[in-house]
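The values are calculated or read from the model by the stated rules, or taken from the named source; none is laboratory data. A quick note: this is a predicted structure, and the numbers were derived from the prediction, not measured. Methodologically, a virtual Cβ is constructed for each residue, glycine included, from the backbone with ideal geometry; neighbour enumeration extends over all protein chains shown.
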Amino acid sequence: MKISKDKEMMDELFTRGVGQFIDPDGIFRKKLENNPEKIVIKFGVDPTRPDIHLGHAVVLRKLRQFQNMGCKVVFLIGDITAQIGDPTGKSKIRPEINIDEIQKNMETYLNQVDKILLKDEKLFSWTMNSDWFVSINDIIAPVRSVDIFKEYSQKQYGTETLPENDIYNKSLNWVETRRQRNVIKNYTLINFLAILRHVSHGRLVERDMFQDRIKNREPIFMHEMMYPVIQGIDSDAIYDIYGSCDLEVGGTDQHFNMLVGREVMEMNNKEPQAVLSFKLLEGTDGNAKMSKSLDNYVAITDEPNDMYGKIMSIPDSSICNYFELCTFTPLEEVEEIRKILGVGEVNPKDLKMRLAREVVVIYYGESKADEAQENFINTFQKKEIPDDIEEVKYKDGDLLVDVLFENKVFASKSEWRRLVEEGAVKMLSEEGETKITDFKILATPGVYKIGKRRFIKIV
RNA sequence: GCGUCGGUGGUGGAGUGGUCUAUCACAACAGACUGUAAAUCUGUCGCCUCCGGGCUUCGAAGGUUCGAAUCCUUCCCGACGCACCA
């Protein structure tokens with residue numbers, strides 16, 4: 001009985017939310033069954049986007065399941081690769097980001113991860129790919145530029161002591177941290193070229209998005225083509241540092257890159273990693289994938305009310321996917337929901353409310369979820385004033401426009417003018433709503449409603 | 001290196017001397033309606049305004065012109081072709 005239950009769990013582990021699972025001879029699965037505590041799972045993290053949303057959560061929640069079985073999860077912070085820009089999706093070259101920013105982003109990221117993952121030393125670790133792609137020379141050399149920089153700093157600050165974030169100090173720091181982490185390997189140009197010997201041009205351009213670009217006569221830059229190889233080298237490095245790299249997880253958009261990792265490991269005579277890629281969660285607008293730049297995401301740090309509301313705004317067609325990818329609702333039940341929805345005998349709104357509640361429960365618990373549900377019903381179904389509203393201070397004689405503009409409630413005064421003309425701004429009181437029609441009205445304390453869902457309290 | 005074509009608002013993509021803040025679509029925002037922040041319909045969609053208007057945008061910098069996104073020069077970036085060949 002127990003065995004069949006375990007098998008069921010195992011099956012779900014490799015199917016729920018999964019796009020593809022590559023584990024040719026079942027090596028990974030066998031190891032998971034026999035020595036889960038020896039397994040190292042790699043997960044690449046983008047240090048430019050510190051907010052974790054439900055799309056990432058799909059992967060993270062799966063990682064947690066592996067942790068529960070005793071596997072170690074290693075976050076790979078792609079500080080170098082972030083500067084390259086994964087060619088997936090947009091063709092834009094990403095802006096350079098500096099070390100401080102990465103550090104800050106990673107701190108926020110790792111704090112949020114607490115909500116889902118365990119962080120014991122045995123089950124969790126992280127590393128950055130600058131640990132093996134950057135050498136000290138990259139930071140302090142060429143010597144000339146450092147001298148120039150020193151000179152400049154001294155002029156700027158007028159002292160002999162350099163500021164804390166001075167590049168020279170930074171490089172010393174860097175040596176320290178690097179020593180602490182005890183990284184063995186450095187990838188030099190020679191290593192890199194040796195690996196590239198085994199990677200053909202055809203292999204790299206075969207991916208759809210490059211083919212599309214070629215067809216559309218759009219540019220493909222060399223550094224973008226190298227991206228999968230570099231990501232593959234990461235796996236190789238993790239193997240060296242942690243003694244193993246058994247599985248890499250990521251979205252289906254990462255599938256190709258992760259497979260290249262297998263090849264790199266193979267050519268270095270290592271057991272290639274298994275690859276588990278996840279279906280992409282669509283955004284709240286129902287199309288494309290959830291992403292911060294498209295602003296169609298639900299962050300796992302969103303307030304319960306917000307989280308609930310955002311999920312309520314997904315189109316009906318996304319309900320089932322969300323159930324599968326974002327909740328613990330058993331798969332048979334999800335299937336049932338799919339059927340019911342198809343027939344149309346249930347109001348999709350009710351299913352969506354259940355969905356929204358279940359997701360909030362995962363991150364905030366039952367009581368908060370109930371509160372959020374109640375708040376939603378009150379605000380949007382009964383049209384009452386929500387509980388917590390952003391507050392903004394005013395001084396006597398201030399115009400309402402200025403108060404709101406200075407607090408960045410909207411981006412320009414023209415926007416305000418438009419909203420007023422459209423009758424979108426209302427002052428709320430005991431008696432009901434009063435539409436504001438004069439855009440030069442003086443600010444008075446009270447609750448204001450802008451559009452359907454923005455509330456501002458002036459105090 | 002030579003040649004051809006191209007670089008436009010959040011995105012895609014029109015416009016090749018005045019009527020251009022720039023057609024259109026998507027996104028976004030608002031109003032109506034509803035089953036909800038879904039769908040649909042309507043409107044708005046550079047900034048500032050004493051509502052008369054003023055100011056700023058079409059890769060960058062100059063120039064021609066009464067007037068330039070549109071013409072010229074130089075530069076930057078890309079696609080394609082030719083040449084060169086380590």
Between a residue in segment A:379-393 that is closer than 17 Å to A:Glu433 by Cα and any residue that is among the small types (Gly, Ala, Ser) and near RNA strand B (Cβ under 8 Å from one of its atoms), which pairs come within a Cβ distance under 9 Å, given they are 6 or more apart or on different chains? A:Thr379/A:Gly309; A:Phe380/A:Gly309
Cβ-Cβ under 9 Å, sequence separation 6+ or interchain: first residue in segment A:5-22 and farther than 21 Å from A:Ala57 by Cβ, partner hydroxyl-bearing (Ser, Thr, Tyr) and modelled with pLDDT under 90. Which pairs? none
Could you go through segment A:378-397 and let me know if any residue there is near RNA strand B (Cβ under 9 Å from one of its atoms), more than 30 Å from the chain's Cα centre (by Cα) and either over 15 Å from A:Ile311 (Cα atoms) or of a type in the set (Val, Ile, Thr) (or both). yes
Taking the options A:Ser291, A:Ser313, name whichever one is out of contact with any strand residue (DSSP E or B) (no Cβ under 6 Å at 6 or more places or on another chain), of a type outside the set (Val, Ile, Thr) and modelled with pLDDT under 85. A:Ser291
Enumerate the pairs (first residue in segment A:415-434 and touching a residue at least 24 places away in the same chain (Cβ under 8 Å); second residue anywhere and part of a loop (DSSP other than H, G, I, E, B) and within 10 Å of RNA strand B (Cβ to nearest atom)) with beta-carbon separation below 9 Å, excluding pairs fewer than 6 apart on the same chain, so at least 6 apart or on different chains. A:Leu419/A:Phe410; A:Leu419/A:Phe439; A:Leu419/A:Gly451; A:Ala424/A:Gly451; A:Ala424/A:Lys452; A:Val425/A:Phe439; A:Val425/A:Gly451
Can you list the helices (runs of 4 or more DSSP H) lying wholly within segment A:244-332 that have 2 or more residues being of a type in the set (Val, Ile, Thr) and away from RNA strand B (no atom under 16 Å from the Cβ)? A:255-267
Residue under evaluation A:Val361, criteria (1) modelled with pLDDT under 90; (2) surrounded by 14 or more Cβ atoms within 10 Å (Cβ to Cβ), criterion not met: (1)
Which of the residues belonging to segment A:436-459 are within 8 Å of RNA strand B (Cβ to nearest atom), assigned to a loop (DSSP other than H, G, I, E, B) and within 18 Å of A:Ile385 (Cβ to Cβ)? A:Gly451, A:Lys452, A:Arg453
Find the helices (runs of 4 or more DSSP H) located wholly in segment A:180-242 whose residues include 3 or more that are away from RNA strand B (no atom under 16 Å from the Cβ) and not basic (Lys, Arg), and list them. A:189-196, A:222-242
